[in-house]
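Nothing in this text is a laboratory measurement; each read-out follows from the coordinates by a stated rule. In this text the structure is predicted, and so the values were computed from the model without any measurement. When we count neighbours, we look across all protein chains shown, and the Cβ atoms used for this are built from the backbone with ideal geometry, even at glycine.
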Amino acid sequence: MASQVPTRNADWVQCVEFPGLVVCLVAQGAEVGVDLESYERAGEIAELSERVFSPLELAQLEELHGSEKTNRALCLWTLKEAYLKAQGMDYRCR
């Protein structure tokens, strides 16, 4: 679960908890976002690919196979989630 907390000493703080891992970002002068996903969710993310990835991202994924494709899809997903969190939004699939 991620949390975003404006503070007096920093402009932006965001923390994400994951089993066995905690990531906290503290920034001054910039909004930050972070996301962590389990590799076990890769199949679920792949099922959403047509709805969440751009045509260019889909074309790039089509060129990859096996674990390279899975890793790239997971990377794209976490990048999108982190960006949206930095903007104070969350991801809603249409």
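Could you sort 77-83, 33-39 so that the peptide with the highest average Cβ count within 10 Å comes first and the rest follow in order?
Numbers: 77-83: 17.3, 33-39: 15.6.
Those peptides, ordered most packed to least, come out 77-83, 33-39.
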So how far apart, in nm, are the two label points at residue 78 and residue 34 if each is 7 Å from Cα heading toward Cβ?
-> 1.1
For the range 32-94, list log₁₀ I(q)/I(0) at each q in 0.12, 0.18 Å⁻¹, using the Debye formula over Cα point scatterers of equal strength and ignoring solvent, two decimals each.
-> -0.28, -0.63
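Can you tell me how much longer the chain between residue 26 and residue 50 gets when fully stretched, taken as 0.36 nm per residue apart minus their C-alpha distance, in nm with one decimal? Walk me through the numbers on the way to the answer.
Numbers: separation 24, 0.36 × 24 = 8.64 nm, distance 3.34 nm.
Gain on extension, residue 26 to residue 50, equals 5.3 nm.
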